[in-house]
């Protein structure tokens, strides 16, 4: 009899406390706070940017004009935990400046011509980035360093007569910028960055040691996993 | 195996096409150049020459023409216009024109050069690195950069002043001044006088004291 009562009490208590157990199961917080895929996997990011290019260094003496022909496509592998990313970018920059007719005096030679000065650079650069906020943050300021090569062509046309040089040159880049997602869980966002690009390029006839430039670019980026 | 090779080669092809398209984004720097802007006047002079020491000059009454290995003379209205402009400019600088037989100090040649080049070039470095004008006709001229199989013809004016005063018997007289006039529209009768004026204007040292 006593044991029967005990069993009844246990059944009663189980019946009463059952909803409480159920609630504990539903409330288990770790089920709903699993890390985002961006924190779990190495993910991908592509960005397309364009903007202003300013001649720097000895190149500034040769090229008096800025350019808006300054584009870059970059691809990044974004690491989940350590705020780093690694990738590469391909760029296209073109500077041009036409000088009105004047007489250029050389040693024992005078040349009257309309000069057209042009530089085109196609850099391919391997980059590493450090971000100041976590991979899930909607705003991610970053710094970046890159090294690579570029096909560079520097020309100074006297009329249509070409002088100058071209070749495959070393490229070193240092950048700082920010990426802002349009929505905090979204894939698309806006990117703005400034890059100092150093390219050693010795053209003795123009007194140039480098064709460096400061690039300010704005564009869109897309991330996915 | 065969399939993966196909996919790989397709990818490389795609990459190649992509880079070509990317590279083709570079604009042509000379496409908006007017004919007048293409004109280049190059003058060379012998630095130790005192141009004030000379008094007279002689000029042929026709223009010499050089076309690759062939040479001749030409007496088109354009040529007379050219010779007239050179004579006027020399007179303005204080030199007297005399006949060839009366011992002129300076001899002037006006030459129209037409050169045709053909061949094949590897296009990694299409630029001729520096100025290549030497003295004298036919040597060291610059040819515009071209790719693969090419044939170009460039025709230009070449003027030269020869020092007959110091020339010794049996020796070639030295050239103390020359000019090249290159570009579009330089064989236009209406503009040739202005062009010659420009050539002399940039040679301000060329005058009798």
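The values are calculated or read from the model by the stated rules, or taken from the named source; none is laboratory data. Since this is a predicted model, take the numbers as computed values, not measurements. Counting neighbours? That spans all protein chains shown, and the Cβs are built from the backbone with ideal geometry, glycine included.
So how many residues does region A:124-151 have that are within 11 Å of chain B (Cβ to nearest Cβ) and crowded, with 22+ Cβ neighbours inside 10 Å?
Residues flagged as within 11 Å of chain B (Cβ to nearest Cβ) and crowded, with 22+ Cβ neighbours inside 10 Å within region A:124-151 amount to 0.
Quick one: in region A:43-64, which of the residues that are surrounded by fewer than 15 Cβ atoms within 10 Å (Cβ to Cβ) and modelled with pLDDT of 95 or more is farthest from residue A:140 (Cα to Cα)?
Step by step, filter region A:43-64, then rank; the result is A:48.
Only one of these is within 30 Å of residue B:181 (Cα to Cα) and touching a helix residue (DSSP H, G or I) at 6+ places or on another chain (Cβ under 6 Å): A:114, A:103. Name it.
A:114
Go through region B:148-165 and count every residue that is modelled with pLDDT under 85 and away from chain A (no Cβ under 13 Å).
Looking only at that region, the number is 5.
Residues in region B:159-175 that are surrounded by 13 or more Cβ atoms within 10 Å (Cβ to Cβ) and assigned to a loop (DSSP other than H, G, I, E, B): how many?
The number of residues fulfilling the criteria is 6.
Which number in (1) out of contact with any strand residue (DSSP E or B) (no Cβ under 9 Å at 6 or more places or on another chain); (2) in a strand (DSSP E or B) marks the one condition that residue A:136 misses?
Failing condition for residue A:136: (2).
Looking only at region B:91-118, which residues are touching a strand residue (DSSP E or B) at 6+ places or on another chain (Cβ under 6 Å) and free of Cβ contacts under 8 Å to residues at least 40 places away in the same chain?
B:117, B:118
Going by what's in this entry, would residue A:192 be described as farther than 23 Å from residue B:25 by Cβ, more than 14 Å from chain B (Cβ to nearest Cβ) and either in a helix (DSSP H, G or I) or at pLDDT 95 or above (or both)?
The answer is no for residue A:192.
Only one of these conditions is not met by residue A:184: (1) within 14 Å of chain B (Cβ to nearest Cβ); (2) outside any strand (DSSP E or B). Which number is it?
All conditions are met except number (1).
Within region A:128-154, which residues are under 14 Å from the mean Cα position of the chain (by Cα) and more than 25 Å from residue A:202 (Cα to Cα)?
A:128, A:129, A:130, A:131, A:140, A:141, A:142, A:143, A:144
Any chance you could count how many residues in region A:196-225 are touching a residue at least 40 places away in the same chain (Cβ under 8 Å) and assigned to a strand (DSSP E or B)?
So the answer is 20.
For region B:176-197, give me each residue that is in contact (Cβ under 8 Å) with a residue 60 or more places away in the chain, surrounded by fewer than 20 Cβ atoms within 10 Å (Cβ to Cβ) and part of a helix (DSSP H, G or I).
Across region B:176-197, the qualifying residues are B:193, B:197.
Can you name the strands (runs of 3 or more DSSP E) wholly within region B:24-102 that have at least 3 residues being surrounded by fewer than 18 Cβ atoms within 10 Å (Cβ to Cβ)?
B:63-67, B:70-74
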